[in-house]
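Only one structure is covered here, and it is reproduced in the block below.
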Amino acid sequence: MTSPLTQYSPKQIATSLQVSESSVKRWCDQGVIPTVRTVGGHRRITLSGLRKFLESTNRNLVEPRALGIADSELEIASKPMVRRPAIRGAGTEPVQHEFRSALALGEEQRCLEILHERLALGWTRAEVSEDLITDAMRGLGDAWDCGELEVYQERRSCNICARLIQDLREQIGPLPDSAPVAIGAAPESDPYQLPSALVELALRESGWNAINLGNDLPLSSLVQAVQDYQPKMVWLSVTSVSNADQFVREQNMLADTLSEDVLMIVGGRALDDKLRPRLRYTAHCDSLRHLIELAEILKRSR
Ligand code: B12
């Protein structure tokens, strides 16, 4: 049985919470985690101090075994240390683990804080979104596929992400009238909302007056929008295609209506090696980072 006075280093605590060691040290120095010092001045956290921290911040341990705490000991505290869901994903950084876990639990405020902490470190909104939101939604999708997540958790996560993206978008503020216009959407029968919203965010951040026209948009309506907006760029985000022949026909019709100086950028997980060669477009991007690099080059060359 672990004693309440057992001491842990910030590194062990960081691993158990799946956050960075520097976050733990900061919390120690701010008094958020009750801390004792060794004779040599090193920070140490007792099990009872850790419990107080978990209670006051409504957190749970992700990896209790990093502290040598057995499952049977998890309920020794007045409040049980409930194991947070460890959602696997491509991102291995502690902050990505924490974001995925907070999102799965519906902790919107914590997700927002994590995004803002990253922005404060100098990351762009596009980078932060791709590293945290895209990564987490993919991880949650896999967890749902493996039966480790309830459908409602996936739906709730999607709604939270839509609000987080909206928050990041609002921070950018209005763009000058001289900003080049870009419009885009996810095509008819594609229910996915987040990718096109993220493309809009990334483009706005790099100075394009980007307008996301949403998901499940008939391409004939996008053709009309091209006439109304006279954009310099049109994007399509394609995650799901129900009828490939019809999609190819309509996408090519859209491409044909664009004048030569209008860029057609396509992306999305449905554009595989079979579908892509059948489409007409200026460039294919598989990520926001890729898009930004391209958008910067294009803006400079105009
Ligand atoms: C949320 C979600 C849904 C929601 C979407 C709700 C909404 N309002 O958006 C709903 C409930 C509709 C849904 C339904 C289904 N889903 Co679903 N879904 C997901 C999930 C968990 C997240 C999708 C998401 O938003 N990802 C985050 C975005 C931001 O990431 P992204 O799409 O990769 O986009 C990035 C890049 O690709 C790129 N990009 C994308 N587009 C573009 C465009 C341009 C121009 C550029 C530059 C870049 C770019 O940049 C983006 C940002 O980084 C995924 C898991 C996953 N791997 O993504 C499953 C997933 C896609 N779904 C899946 C399945 C199976 C389904 C259903 C069949 C389930 C069912 N049995 O009903 C249905 C099918 C619906 C349909 N008609 O196709 C599978 C697909 C498996 C496959 N073989 O294709 C996945 C992979 C889950 C899984 N692991 O099994 N789903």
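The helices (runs of 4 or more DSSP H) found wholly in the stretch 91-162 and carrying at least 2 residues that are at pLDDT below 95 occupy 94-104, 108-120, 135-145. When you check ASP177 against the structure, is it within 11 Å of the ligand (Cβ to nearest atom) and modelled with pLDDT under 95, yes or no? Answer is no for this residue.
Of all the residues in the stretch 181-200, those that are more than 9 Å from the ligand (Cβ to nearest atom) and within 23 Å of TRP123 (Cβ to Cβ) number 2.
Restricted to the stretch 205-302, the set of helices (runs of 4 or more DSSP H) holding at least 3 residues that are out of contact with any strand residue (DSSP E or B) (no Cβ under 8 Å at 6 or more places or on another chain) and within 14 Å of the ligand (Cβ to nearest atom) comprises 288-300. When ALA295, ALA270, ALA244 are screened for being assigned by TED's automatic domain parsing to the domain that holds SER189, at pLDDT below 95 and out of contact with any Lys or Arg (no Cβ under 7 Å at 6 or more places or on another chain), only ALA295 passes.
If you go through the stretch 12-52 and pick out every residue that is farther than 23 Å from LEU132 by Cβ and part of a helix (DSSP H, G or I), you end up with 9.
The values are calculated or read from the model by the stated rules, or taken from the named source; none is laboratory data. What you are looking at is a predicted structure, and each value in this text was computed from that prediction instead of being measured. A quick note on method: Cβ atoms are made from the backbone with ideal geometry, for glycine too, and the neighbour counts reach across all protein chains shown.
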